[in-house]
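Novice: This is the structure, below, for whatever I ask next.
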Amino acid sequence: MKTKLGISFWLSLGWMVLVILAALLANVLPLPNPNASLVAAPNLGPSIHHLLGTDPNGRDVLSRVIFGSRVSLVVGFGSIALGLLLGGVTGILAGYYGKSVDFLFNSLAMIFLAYPPLILVLALVTFKGHSLWVITIAIGIVGSPLIFRIVRSATQSVAQREYVAASRAIGAPTWRVLAKEVFPNVAMTLVAFIFIAVGVAILAEAALSFLGQSVAAPTATWGNMINDGTNDLAQNPILWLWPSLALFFTILSINIIADRLRVRFGVRDSFI
Amino acid sequence: MEEILNVKDLVVEFSAGPGKKVHAVSNISFALAKGETLGLVGESGCGKSTTGRAIMQLIKPTSGRVEFEGADLTTLRSKKLRQARQGIQMIFQDPISSLNPRRKLKDIVGEPLAIWSNISREERYEKVREMFELVGLDFEASQDRRPHEFSGGQCQRISIARSLMLNPRLLICDEPVSALDVSVQAQILNLLRELKSRYELTILFIAHDLAVVKNISDRVAVMYLGKMCEISESETLYATPAHPYTRALLDAVPEPDPFVERKSDAHHLEGELPSVIDPPSGCRFRTRCPYSQDICALEEPPLRDISPGHQVACHFPMN
């Protein structure tokens, strides 16, 4: 009855578990300080002491990739969590109540959507500083109107189902109708989308880093490492490769997980 | 007979763009005596389901009164409304869509108690078990399953079980069997009949099929385009329909015996249902009525008694 998730799903999940564990345990792993210069000679190739070699400042590349994953993961999951809080709650309310509530929230979302997101993020970062939290909040705010639109339309279709009318007929108060009947069914259609959104948020952070607008140097992020790598192409031709591969496999894994979950949890009311 | 529900001048209108209104239900009045079953019939789009939902206040009526056990539900709000309405329960048309696909059967059927009573989870599931047995479902085998694993007939049994958990006095059945196979229809109708006598229920049975309604109803009300056409004891209505529309509906019931001649004067409805946004003046049925006269376009026929307990809204009732 249940669809198999397939080998690609488990490989992807394995990669994500590895990345998340490495990010969590970075401090206890036997890694040199990612920001310490000249832990070895600059521009070494991969060796047993420095698995991915060193960069032009003599910093350990593996250590920087692993510590850099923290930024990507915090921004990726954190910003979407914030986006879900803002866009999800308003989306469910707008979709369920309709009329003036819908008009109010939808108008707000449209105004946000009409504003170029990059400018909004750059403005926030410029005024509030290049910290991890500002980046997370900025991307979360920019993503929330999109999440709002998706949650709203999913809620609108769920709200018309007869089980929602049945719940009201039994006498459930509105919060209970939303929590027990509407939310679980909306959430199912959201699972796949959320993973894709996390991927997009990670990419957005990487793009900001690449432009030098994310977390300030010397903190490693995948985006600023790729940028450094392209600048140092002459001295160290494979430096850009490691953060790029990490980013590539992470985004690919997230998308595969999302896709398989969508098939697995594709909302089915019946098999008839 | 003691009245349990009294619907007075019920009007439900929906906005359909600037200056346009859908006249879904226009000035409907009827009463339900304790313990009786009233069949409410009419074509699709005549407002019969809207009437059911407006009684439940799932759709707010535009005007009119809905008195249930003496309290006017249209004046009540939020918690007071939900409390007063506990005595009315509803069964919906689509048995699968009316059950949340993500919840287990024992939680779906136990939901009314989870909302309204403080009993423990074990006690609640115990009551759910009793109700499962009553409607003919195996509790052990089905309690932890989800609705999509069941057939339409079984899902309708689950809906019925849920609707009875609060010991309602009035049950509104909104086309409860029209989505089911004919063989299953009979089972569900029999179950409803059984439960009706066991729980001394009053039933408002909404359907578009006169044959189904005939079996279960004490009285039958016929609606057309948001208006009440005729209301009477079911035997009288089936034997001597007074409204031309009722007559046409009865003539449209298929005759299963091929050797029985159809009545030669049988008349069939022609044309389409007029728009509910701009209904015909006077009698709303006049555009499709074979007996329509000038007065039918000018004056709306009121619902009036033609014999005790038999009311018709027609200028020229038959018989």
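No lab work stands behind these numbers, since they all come straight from the coordinates. Just so you know, these numbers come straight off a predicted model, no measurement behind them. FYI the Cβ positions are ideal-geometry reconstructions off the backbone, even for glycines, and counts take in every protein chain you see.
Novice: Scan region B:86-112 for residues that are over 24 Å from the mean Cα position of the chain (by Cα) and either within 7 Å of chain A (Cβ to nearest Cβ) or in a helix (DSSP H, G or I) (or both) and jot them down.
Specialist: Hits for region B:86-112 are B:PRO101, B:ARG102, B:LEU105, B:LYS106, B:ASP107, B:GLY110.
Novice: Please go through region B:281-313 and give me each residue that is closer than 14 Å to B:LEU225 by Cβ and in a loop (DSSP other than H, G, I, E, B), ordered by number.
Specialist: B:SER281, B:GLY282, B:CYS283, B:ARG284, B:PHE285, B:CYS289, B:GLU300, B:PRO301, B:ALA313
Novice: I'd like the full set of residues that are within 12 Å of chain A (Cβ to nearest Cβ), within 18 Å of the chain's Cα centre (by Cα) and part of a helix (DSSP H, G or I), limited to region B:34-85.
Specialist: B:SER49, B:GLY52, B:ARG53, B:ILE55, B:ARG85
Novice: I'm trying to understand the selection: among the residues of region A:7-33, which are under 18 Å from A:PHE248 (Cβ atoms), crowded, with 17+ Cβ neighbours inside 10 Å and of a type outside the set (Val, Ile, Thr)?
Specialist: Residues satisfying the conditions are A:PHE9, A:SER12, A:TRP15, A:MET16, A:ALA22, A:ALA23.
Novice: Does B:LEU99 meet the test of being over 30 Å from B:GLU235 (Cα atoms) and touching a residue at least 40 places away in the same chain (Cβ under 8 Å)?
Specialist: When the stated conditions are applied, B:LEU99 passes them.
Novice: Further question on the same structure: Restricting attention to region B:134-145, does a residue exist that is within 13 Å of another protein chain (Cβ to nearest Cβ) and more than 27 Å from B:THR51 (Cβ to Cβ)?
Specialist: Checked region B:134-145: at least one residue is within 13 Å of another protein chain (Cβ to nearest Cβ) and more than 27 Å from B:THR51 (Cβ to Cβ).
Novice: To continue, here is another question. Restricting attention to region B:49-72, which residues are among the hydrophobic types (A, V, I, L, M, F, W, C) and either touching a helix residue (DSSP H, G or I) at 6+ places or on another chain (Cβ under 6 Å) or without any contact (Cβ under 8 Å) to a residue 12 or more places away in the chain (or both)?
Specialist: Listed by number, the residues that qualify are B:MET56, B:LEU58, B:ILE59, B:VAL66, B:ALA71.
Yes/no per residue for (1) within 12 Å of chain A (Cβ to nearest Cβ); (2) not β-branched (Val, Ile, Thr):
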position: B:ALA114; (1), (2): yes, yes
position: B:VAL128; (1), (2): no, no
position: B:ARG162; (1), (2): yes, yes
position: B:ILE172; (1), (2): yes, no
position: B:GLU200; (1), (2): no, yes
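Novice: For region B:174-185, give me each residue that is within 13 Å of chain A (Cβ to nearest Cβ) and in contact (Cβ under 8 Å) with a residue 60 or more places away in the chain.
Specialist: B:ASP174, B:GLU175, B:PRO176, B:ALA179, B:LEU180 - these are the residues of region B:174-185 that are within 13 Å of chain A (Cβ to nearest Cβ) and in contact (Cβ under 8 Å) with a residue 60 or more places away in the chain.
Novice: Can you tell me which residue within region B:7-41, out of those that are touching a Phe, Trp or Tyr at 6+ places or on another chain (Cβ under 8 Å) and under 16 Å from B:GLN311 (Cβ atoms), is surrounded by the most Cβ atoms within 10 Å (Cβ to Cβ)?
Specialist: B:LEU40
Novice: Moving on. Scan (1) farther than 30 Å from B:VAL12 by Cβ; (2) of a type in the set (A, V, I, L, M); (3) surrounded by 24 or more Cβ atoms within 10 Å (Cβ to Cβ) for the single condition B:MET90 breaks and write down its number.
Specialist: Status for B:MET90: all satisfied but (1).
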